[in-house]
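Remarks on the structure that follows.
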Amino acid sequence: MKFLNSRVIRISIAVILAGVLIGLVGGAFRYCLIAADNGRAVLIARAHAWAYIGWLAPVALGLVGAAWARFLVVRFAPTAEGSGVQRVEAAFSGEVKLAPNSIVPVKFFGGLIAIGSGLALGREGPTVQMGASLSRLASGLTKNEQDIRVIAAAGAGAGLAVAFNAPIGGSIFVFEELTSSFTPWLLVATLTTASVAVWIMRLMLGNALDFTVQQVSLTQPWRIGPFLGLGALLGAAGAIYNAATVGLLRLGDRLPNVSSIKRAAIIGATVGLLAWFAPALVGGGDNLTQAILADHHAVVALGIIFLARFLVGPWSYAAGAPGGIFAPLLVLGASSGALFAGVLNHSMPQLNLSPVAFAVVGMAALFSASVRAPLTGIVLTVEMTGRGDLTLALLGASLVAMVVAMLFKSEPIYETLKRRMLEREAIAEKASQVARTALVR
C-alpha cells in the first residue's frame, strides 16, 4: 500500500492516463480537421460551377461557422476563447483557476467548426487547453494542488506535441514558455505525457513527419549571413504581427454595441469571400505550408501568400473562436523565408540560395519573434520537417529575430494576451460585485 501511495507512482499513473486521453482526443481532433478541410475544398470547387451565386456558399460557411463557434464559447465555456495557452500559463502560476472540464467539448467542436469553416487559426490552441483539462481529469489520484498544476502543464505540452507530432518540442514548450521552470517532477510528468500522447496519436494517424522537405545540407560557413538577415526582418514582422493581433482584439472590446457573435459572423463571412477566390489561403494552412516547402510557388505568389496570411491571421483570431496562432505563424514564416530567398536569388543569382531551407528557417524565426520561445520554435520545426542540418541557421535566425523584436519593445504574444485576459476578468468581476451589491440594497 505504501508503494501505491508513493508520490512518484501516483503522478506516473496520472500522467500515463493523461497521455492516453490526450492522444485519443488530439488524434481524433486532427483527423476531423483533415476531413473538414477536404469537405470545405469540395464545397468551394462545386460552388464554382455557379459563376454568379456560387460565392455565397463559402461566405455562408464562414459566417455560420465563425458565429456558431463563438456562440459555443459564449454560451457554454467563456474560458475556451482564443488560444487558451495564456490561460494555462496563468493557471500554473496561480493567477486563475484551471478551466472546468466542460471546456473540452467546446474546444473540440468549436475549434473544428471555426478552422473547418475557414478561419486561419491553429489546431494547437484547442489541443493545448484540452490537454490541460484532460490531465486534470487524470490527476484525481493526487490531492496536492502543486502536483495537479504540474500534471496540467504536462498535459498542455502533450497537447502541443500531438498537434504538431513533436513530442520533444511539446515538452520544451512546457519548460521554456508555459512554466519557465525545470524541476524533476515537471520533467518526468512532461516527458511521459508527451511520449504517450504522441504514441497514441501515431497509432491513429500514422508515423510520419508533418511536412515532407527535401534535404540540402549547408557546407559553406558564409551562407549563414543571409539567414541572419532573414531573422532581422522577421523580428520586425513578428512585432507588427503581435501588435495587429492584439490591436484587433482591443478594437472589438471597444465596440460593445456589436455582440461578439455578430463580430465573429462578419469576420467569418469575409474569410469565406477570400476562400471563394483563393481556397488555399484560408484554414489552418498545413497544405499551403507543404506547398511552400515543396518549392511550388514563384516569388510573386509567395508575396501574395505572405500579405494575405499576415492580414487574415489576426483578423481570424479577433473572432474569439477556439483556435491558436502557432500554425498560422508557421505558414507566414515559411512564405516569408521562401520569398526572402527568391528575392535575393533574383537580384543576386550568384548566391543560389535554397528557398526551401529559408522557408524552414523562417518558420522558427517568426515563431521566436512572436512567442519569444526560440528553443521551442527550433525543435518544433526540426521535428516537423526533419531538417536537422539547418540547426545552426535556425538558431542564428531565431536569436536575431528575438533580439530585433525586443528592440521594437514587442512583448511576447502570450504575455500580452494573458494580461488582457486578466484585465477583462477583473472588470467583469468588479461589475458582478456591483450588481450583487445593488441587489442586496
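Taking amide H atoms as placed 1.01 Å from N in the peptide plane, the amide H of Gly122 lies under 5 Å from those of Gly324, Ile325, Phe326, Ala327, each 5 or more residues away in sequence or on another chain.
Restricted to Cα atoms, the chain shows a radius of gyration and a Dmax of 21.5, 80 angstrom.
The order of the peptides 319-326, 106-113 by mean Cβ neighbours within 10 Å, most packed first, is 319-326, 106-113.
Summarised as an ellipsoid, the range 1-123 has semi-axes of 39, 17, 9 Å, derived from the eigenvalues of the Cα gyration tensor scaled by 5 and square-rooted, with the largest first.
The peptide list 327-333, 223-229, 48-54, put in order of mean Cβ contacts within 10 Å with the highest first, becomes 327-333, 223-229, 48-54. Site pair Leu307 and Val74 shows an inter-label distance of 3.4 nm when each label is modelled 7 Å from Cα along Cα→Cβ. Within the shell defined by Cβ-Cβ distances under 15 Å, the residues around Leu399 carry a net charge of 0, with Lys and Arg each +1 and Asp and Glu each -1.
With a Cα cut-off of under 25 Å and a minimum spacing of 8 residues unless on different chains, the lysine pairs in the chain number 10. Shown for Phe29, Phe71, Phe367, Phe277: other C-beta atoms within 10 Å of each C-beta, ranked fewest to most, produce the order Phe277, Phe71, Phe29, Phe367. Using the empirical formula 2.2 N^0.38 Å as the baseline, the Cα radius of gyration of the range 291-441 reaches a ratio of 1.35.
Computed about its Cα centre, the charge dipole of the chain is approximately 1160 debye, with only Lys, Arg, Asp and Glu carrying charge at their Cβ.
Can you tell me the dipole magnitude for the range 5-127 around its Cα centre, using point charges on the Cβ only (Lys, Arg +1; Asp, Glu -1), in Debye to the nearest 20? Magnitude of the dipole: close to 220 debye.
Applying 1/(1 + (r/R0)^6) with r as the Cβ-Cβ distance of Lys262 and Ser93 and R0 = 51 angstrom yields a FRET efficiency of 0.90. Among Arg46, Arg136, Arg419, the order by Cβ neighbours within 10 angstrom, fewest to most, reads Arg46, Arg419, Arg136. The packing ranking, built from the mean of other Cβ atoms within 10 Å per residue, places the peptides 279-292, 254-267 in the order 279-292, 254-267, highest first.
Percent of Cα-Cα pairs more than 27 Å apart in the range 190-338, please. So the portion of pairs separated by more than 27 Å is 38 percent. A simple charge model with +1 on the Cβ of Lys and Arg, -1 on the Cβ of Asp and Glu and nothing else charged puts the dipole of the range 238-360 at about 420 debye relative to its Cα centre. Would you give the gap between the C-alpha center of the range 408-426 and the C-alpha center of the range 112-189, rounded to a whole Å? Their Cα centres are 20 Å away from one another. Summing +1 for each Lys or Arg and -1 for each Asp or Glu among the other residues whose beta-carbon sits under 13 angstrom from that of Gly235 gives +2.
None of the figures in this text is laboratory data; all of them are computed from the coordinates on show. All values reported here derive from a predicted model rather than from experimental measurement. Neighbour counts run over all protein chains shown; Cβ positions are idealised from the backbone, glycine included.
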